[in-house]
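These notes are about the structure you will find just below.
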Amino acid sequence: MTMELIEAVLKRRTNRDHFVNKPISQEDINAIIESARWAPSPFNIQPWEIIIVRNQENKDKLANLVKKSMSAQMGDPKFLNDVSQWMSLSDDEWQRRADGVMIDDHVDLPDFIKDKTKLKPLLKNAKNMSFLGKLGLGKIGAGKFAELIKEAPLIIIVLLNKNKRSPGENRNTWELLGMGAFIEHILLTATALNIGTHFINAPLETKKDRDELRAIFSVPENYEPICIIRAGYVDKEPKPSVRLNPNKFVHYEKF
Ligand SMILES: Cc1cc2nc3c(=O)[nH]c(=O)nc-3n(C[C@H](O)[C@H](O)[C@H](O)COP(=O)(O)O)c2cc1C
């Protein structure tokens with residue numbers, strides 16, 4: 001591996017675009033696994049397991065589930081209300097607030113609504129967002145993400161082994177922190193290997209969909225699917241992102 005760590009950290013972006021149509025080499029998969037397995041975890045419990053998915057039939061089944069679950073999210077007022085707080089409608093707005101996501105990166109807006117100034121009043125509350133969902137906005141976005149899953153060279157499903165419990169009253173937190181470290185090792189090592197990554201977590205939102213995912217990939221009861229990562233080689237720079245200025249979140253000595 002050639003890239004400096006800090007370079008990989010700064011270069012890593014969520015890549016919601018097409019990947020190069022080329023299988024990920026076993027050597028690169030092994031490098032990602034080797035890096036991930038050295039992640040820290042509470043009491044070194046290593047509660048993680050992964051499923052490497054490359055088979056087209058499995059990807060197609062997952063894509064159908066992505067389509068269904070994302071369409072359902074677009075019809076859920078509570079979800080949409082939460083999302084609308086984090087959506088910027090213009091690049092200016094996004095740069096100014098320096099958090100959240102751009103609407104264009106999540107929803108493929110149909111032509112009749114491309115003028116986003118008209119969208120603003122519609123995004124004000126969940127009821128209106130659901131209305132947009134019913135108009136088919138959600139289905140368009142869901143269809144796009146389903147296609148991205150189908151054509152992805154590699155899908156990694158990350159599982160938590162619920163039998164490997166951390167000691168301590170706050171065990172759920174410690175276990176999830178370990179999972180986060182494991183996943184970040186995957187993302188950064190992939191970046192260093194010129195592999196783009198993208199979480200597609202809609203199928204993990206509801207128990208019903210998680211159960212369907214379990215059925216597709218024969219995941220036993222005592223394993224919890226934590227995230228789904230789409231990955232593939234990249235040949236162009238991913239879209240830039242935004243971050244808060246350190247003065248917004250760093251405290252010295254006391255809060
Ligand atoms: C736990 C977690 C879940 C995420 N789920 C999704 C997802 O389902 N779909 C998606 O497009 N991006 C997802 N993301 C990516 C975030 O939107 C992204 O990290 C954030 O907007 C910052 O952008 P960047 O990763 O390009 O720097 C997820 C990220 C994390 C850490």
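The values are calculated or read from the model by the stated rules, or taken from the named source; none is laboratory data. This one's a predicted model, so the numbers in the text were calculated from it and none came from an experiment. Note that we place each Cβ from the backbone using ideal geometry, even for glycine, and neighbour counts take in every protein chain shown. Note: areas computed on protein heavy atoms with side chains; ligands, DNA, RNA excluded. Shrake-Rupley method; radii C 1.70, N 1.55, O 1.52, S 1.80 Å.
Inspect all residues belonging to region 54-76 and state whether any of them is in the same structural domain as residue 157 (by TED's automatic domain parsing) and within 16 Å of the ligand (Cβ to nearest atom). No, region 54-76 has no match at all. Criterion applied to 170, 163 was being of a type outside the set (D, E, K, R), assigned by TED's automatic domain parsing to the domain that holds residue 21 and under 26 Å from residue 35 (Cα atoms), and the one residue passing it is 163.
Per the listing 60, 76, 82, 92, the residue uniquely surrounded by 18 or more Cβ atoms within 10 Å (Cβ to Cβ), at pLDDT 85 or above and among the charged types (D, E, K, R) is 76.
Checking each residue in region 205-241 for being in contact (Cβ under 8 Å) with a residue 60 or more places away in the chain, within 22 Å of residue 172 (Cβ to Cβ) and assigned to a helix (DSSP H, G or I) picks out 209, 213.
None of 250, 234, 242 is over 26 Å from residue 28 (Cα atoms) and within 16 Å of the ligand (Cβ to nearest atom) except 242.
Residues in region 194-228 that are more than 16 Å from the ligand (Cβ to nearest atom), open to solvent by 60 Å² or more (accessible area, probe 1.4 Å) and of a type in the set (A, V, I, L, M, F, W, C): 215 alone. Pairing residues of region 81-106 that are on the phi > 0 side of the Ramachandran plot with residues that are more than 9 Å from the ligand (Cβ to nearest atom) and open to solvent by 60 Å² or more (accessible area, probe 1.4 Å), at Cβ distances under 8 Å and at least 6 apart in sequence or on separate chains, gives 98/244; 98/245; 98/248; 100/85.
Hey, can you tell me all the residues within region 7-30 that are without any contact (Cβ under 8 Å) to a residue 24 or more places away in the chain and away from the ligand (no atom under 15 Å from the Cβ)? Within region 7-30, 25, 26, 27, 30 qualify. Among the residues of region 155-164, at least one is surrounded by 15 or more Cβ atoms within 10 Å (Cβ to Cβ), part of a loop (DSSP other than H, G, I, E, B), more than 13 Å from the ligand (Cβ to nearest atom) and not aromatic (Phe, Trp, Tyr).
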